[in-house]
Every structure is written in structure tokens, then in C-alpha cells.
Amino acid sequence: MKNNYFILLADCKLVDGPTRSIIYDMSRSSYSFIPNVLYEILSEDYALSINGIVNKYGLENEQFILEYFEFLLEKEYILLSDNPSERMWFPGISEDWESPYEITNVIIDYRDKVHPIKKIIDELESLGSVHIEFRFFSDVLLDELIVINEAVAEYRVNSISLLVPHSLKINVEQLVKENKRIKHVEIYGSEESSAGMIEQALVVRSEDMITSNKCCGAILKKNFNLNLAFFNESKNYNNCLNKKVSIDENGEIKNCPSFSDSFGNIEDKLLSDVIETETFRSVWAIDKSQIDTCQTCEFRYMCMDCRAYRETPEDVYSKPLKCGYDPNTGEWKEWSRNPLKKTAIEHFNLF
Amino acid sequence: MKSIKEFIENNKKDLPVYFSYATFKKPAPIGKDLPETKSRFYRTLQFMPTKFYKKISQSAPITPTNEK
Ligand code: SF4
Ligand code: SF4
């Protein structure tokens, strides 16, 4: 092994942090933490053979360096080659992100008011192939699910997520069988928590109560997304709000239902007019490199960025309020108990 | 320098319980690798421009075995 050169596979991306780094394995949607010195070796010392790397870091570190490479081989993050020019056979993957659609994701919230869903879907149809998340914050609109089901049937809506209260008493099995585009159903306020597949859909039952859009934006490890599309979108755009349009429970058109700014009501405004405005699009471009703290965090390209709830409410580039991770210590703590977040929590009236 | 085994052990608690449904569809238990459905050859080749693929396949016939 010592005379060989390493080749990091193109779908394995390195992301550094202040205390540790991560290898993102895109094809397998998994990741490994690595020490920062290994990040340095993989990103800077690729022209050296393993022997050359040992010489660079000193013979006293030989055992560790060989151990690092054994680990990388075992995980299949690298290949070894005795000819450094073979690296040209393994070009990197582009980190650009493009979509042919004007809009790719949509949130529609419901409480006690129905929206002109046929008109909305009709308009979305001309804007792109979209993922729609329908979120129900009360149990008064059971019939609306049937209306939605009928409305999407004829269109190229890509996929659907549903967030519904347990008290809505929906027949999940029947629903996901009838509508193959439903890929995710979350039933909150359930008696016990569980997660499992029913047909094509992941059905999650949780005991939590999700009573309003204020419950959105929590940064949790279980919500991390690890795939190439998300990685590239995060590098170039805001990974939550890019190409997103939302309709809040009152029919107001917004970037995100939790934002205070409305661009008009769906009853009398066209989505296509709204999404064309510069002001509406401005948040799409806020990528992770501009966000305070996140810009150095090793999770930054797998973690959703929330722009609605921020640690410093008046600063649009401030870290997501609902994140309890500190990249400088590598520790997770309960964000809501952090005294430094108290003012922001009160500002957004969260509890 | 630190041993990688020790490093991984110290960082184990931060591995996710499962990734989002959008990525995985199925929860994966802590510390367990996801089902490996892609062989190393497959993984190496899938991102490779066709001309390189041809070059390699001429020199070493590829018989992917464990991809599903
Ligand atoms: S600091 Fe928190 S919100 Fe920012 S990238 Fe890291 S985990 Fe995500
Ligand atoms: S910006 Fe925050 S609150 Fe709005 S949809 Fe995204 S994660 Fe949720």
C-alpha cells in the first residue's frame, strides 16, 4: 500500500469543520466523521504517495496514517493506484445546481380556511414539477383531503407530503394506496411514536403536537439530507427556500408560511406574478457560506437552513434559532434552553 | 496524530438515527451501515464519463456482482 497513490471517489465529498470534518458519501447516503488532519491529507496531499504522506507528517505518525488509509479503503471512499496519472480517469462531479422548473417545492397550510386548490394546482402545473407539502394544523377539514386528492390526480405533481393531526382520523392505508404520489405522511398527536413504510409512503406517527407553522425549522440530525442534489443546491442556494412558494393558513402567498411578509392573497393574486419579483427571489440566493456559524459547520451541506427563525431576528444571515449544535465544540445542546436565545424566542413568540 | 478508531468511537454519538425520508425511505439503526447495494466498481464507474468507462472496460472486463 505504501507505494500507492490514493484516489478519492468523486461521490465522496469532504467538508471541514472547526473541530472535525466529514466525508459525505453521496451514493450511500451515509457519512463518516474524520479528524481534520485527515481532511488536510485528502484535500491537499493527493499528489503524494502514501509513503510521501508518511514522510510529510513524520515517521512517528506512520502507524496512524496507515490506519487512516485502511479505514478509507474499508469504507470504499478511496481507491489505490500505483500510477498517479490514473487520477485523470476519475474527474470530479460538478457542484452546480440547476432545475428546469420555476418552482420545485411548495408548502400549503390549512387550519380552518379552504384554499382554491384547483386554481393553485393548475398554476403550479405551469411552473414546474413540484413537491407539495400539505400541513393541517386542525382537524376540521377532513373533506379537503379528498378535494386535494382529486385536484392533483390529473397533474404532474411530483410528490406529496402530508402533515395531519391524529384527531383527523384519516385512513392512511387507503389514502396512500389511492394516491401513489404521497411519499410521506406524518401524523402528530398520536398515542405512540412509530415509523414505517405503507406502500410507497413513509408513515411517521409522533406524539408531538404540531399546532402551527411555528413548529417548523427545527434542526435535527434525523432530518439531515445526504444526497448530491441537496449538497449541490446547498452550495449554491438556500436549501429550504430556493424555488419554494408557500401559501399560509390564511391564503397569503409567502416564501415560507412562517415569514411575516406576504406577497398577496391566493384569492386574487397569481403565483407566477409573485415568484417573478426580485424581492420574492432574494432569499433563494442565501446559501450556507453566508450564514453566521453554519458557514464553518461540517454539517452545512446536509442540514436544512431555516431563514424564518434566526438567532438574531434582525439579521437575515444569522444562524437558525432552532439549532442546538455548536461546531466550535462539536456538541449538541437543547436550543430552547440556551439563555442566549431567549430574546429571539420571545421575539418569534415561540412558547 | 490520533488513532481513527478512537476518533470514530468518540464521535459515534453524533451519527444520525436515520436520515430523512427523502433520502432513504427506511430508517437505519444507529451505528449500522446501510445496506450496501452498490459494488465498488459500480460506484467508481457511475460517475465516469463514457470514454473512461470504455477504456477501463476494455482493459479489465467488469462483472458487477453485488448490485441490485
Ligand atoms: S450550525 Fe446547526 S444549523 Fe448551522 S449547519 Fe451546523 S447543524 Fe446546521
Ligand atoms: S424557512 Fe424555516 S420555517 Fe420556513 S419552511 Fe424553511 S425550515 Fe420551515
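Filter region A:1-14 down to residues that are surrounded by fewer than 21 Cβ atoms within 10 Å (Cβ to Cβ) and part of a strand (DSSP E or B) and give me whichever is farthest from the chain's Cα centre (by Cα). The extreme case among them is A:Ile7. Scan region A:173-217 for residues that are under 16 Å from A:Val157 (Cβ atoms) and either out of contact with any Leu (no Cβ under 6 Å at 6 or more places or on another chain) or free of Cβ contacts under 8 Å to residues at least 12 places away in the same chain (or both) and report the count. Residues meeting the conditions: 10.
Among the residues of region A:300-339, just one is more than 21 Å from A:Asn225 (Cα to Cα) and within 14 Å of another protein chain (Cβ to nearest Cβ), namely A:Thr329. Among the residues here, A:Asp268 does not qualify as more than 21 Å from A:Gly217 (Cα to Cα), outside any loop (DSSP other than H, G, I, E, B) and out of contact with any helix residue (DSSP H, G or I) (no Cβ under 6 Å at 6 or more places or on another chain). Just so you know, in region A:290-299 the residues that are within 11 Å of ligand 1 (Cβ to nearest atom) and within 25 Å of A:Lys254 (Cβ to Cβ) include one that is nearest to the other protein chains (Cβ to nearest Cβ), and it is A:Cys294. Of all residues in region A:227-256, those being more than 17 Å from the chain's Cα centre (by Cα) and within 11 Å of ligand 2 (Cβ to nearest atom) number 2. Evaluate region A:20-28: report whether one residue or more is over 24 Å from the mean Cα position of the chain (by Cα) and of a type in the set (Gly, Ala, Ser). No, every residue in region A:20-28 fails to be over 24 Å from the mean Cα position of the chain (by Cα) and of a type in the set (Gly, Ala, Ser). Scanning region A:290-318 for residues being within 25 Å of B:Asn11 (Cα to Cα) and without any contact (Cβ under 8 Å) to a residue 24 or more places away in the chain gives a total of 1.
For region A:26-114, the helices (runs of 4 or more DSSP H) that sit wholly inside it and include 1 or more residues that are under 21 Å from B:Ser3 (Cα atoms) and of a type in the set (Gly, Ala, Ser) are A:36-44, A:50-57.
Bear in mind that the values in this text are calculations on the coordinates, not laboratory data. No experiment lies behind these values; they were computed from the predicted model shown. Because the Cβ atoms are built from the backbone with ideal geometry, glycine has one as well, and the counts that use them run over all protein chains shown.
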